[in-house]
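Here's the structure, in structure tokens; my notes come after.
The values are calculated or read from the model by the stated rules, or taken from the named source; none is laboratory data. All values derive from a computational prediction rather than experimental measurement. Please note: Cβ atoms are built from the backbone with ideal geometry, for glycine as well, and neighbour counts cover all protein chains shown.
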Amino acid sequence: MAAQTEEAVLRSELRWVVVVSGVITVIMLAVLYAGLVHHINPPSNIETIDPKTLHLTGEFTEGNLGTRVEANGQITSRVVATQFAFQPQCIVLPANKRVTLRFATPDVIHGILVAGTNVNTMIVPGYVSQVHTVFTKNGDLLMPCHEYCGLGHSQMWATVRVVPEDQFKPGPDGRATCDAR
Ligand code: CUA
């Protein structure tokens, strides 16, 4: 059996360096492509909130929940996830417009996804979860809790009502609700 020369070993190792570098490069490019082109990335909004008082003061008080068009035209929906319901149960948003969803929870870890879209985030006590998206299809989309949060987990879901832009009619205070149609 011919012993491999040192040179042959080196050549073989260098070949593998090239192969492995190529594989890593392809994976990194795929990650960048998914993140930059398809906006598939982990939500990275690090914004803290006190879960014990979020219903008493600030933006997650009951009167401030749901969809609202801010003075600068930005459309934001705020939702509180609790055991075992979303408040509000339905949010209305216009299609083909950039919208922001903001979530907080006073109790345990929940999670949401909006069926048929790439909206998907955990809702962790102590943090505000924020997602920017553009809904392209009209209709009622199911938004279930997708993180086991207790016995009522399977009953925990909400609706995202996406309406054509010309049917999205916020009131004089900038608010839009599912009932007011
Ligand atoms: Cu909330 Cu599962």
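Scanning the stretch 81-126 for residues that are within 11 Å of the ligand (Cβ to nearest atom), surrounded by fewer than 22 Cβ atoms within 10 Å (Cβ to Cβ) and outside any loop (DSSP other than H, G, I, E, B) gives 82, 85, 111, 122. All conditions in (1) part of a strand (DSSP E or B); (2) of a type outside the set (A, V, I, L, M, F, W, C); (3) out of contact with any Leu (no Cβ under 9 Å at 6 or more places or on another chain); (4) more than 16 Å from the ligand (Cβ to nearest atom) hold for residue 166, with the sole exception of (1). When you scan the stretch 16-30, do you find a residue that is closer than 20 Å to residue 91 by Cβ, polar (S, T, N, Q) and either modelled with pLDDT of 90 or more or in the same structural domain as residue 120 (by TED's automatic domain parsing) (or both), even just one? Looking for residues that are closer than 20 Å to residue 91 by Cβ, polar (S, T, N, Q) and either modelled with pLDDT of 90 or more or in the same structural domain as residue 120 (by TED's automatic domain parsing) (or both), one finds none in the stretch 16-30, hence no. Residues of the stretch 127-161 that are part of a loop (DSSP other than H, G, I, E, B) and within 16 Å of the ligand (Cβ to nearest atom): 146, 147, 148, 149, 150, 151, 152, 156.
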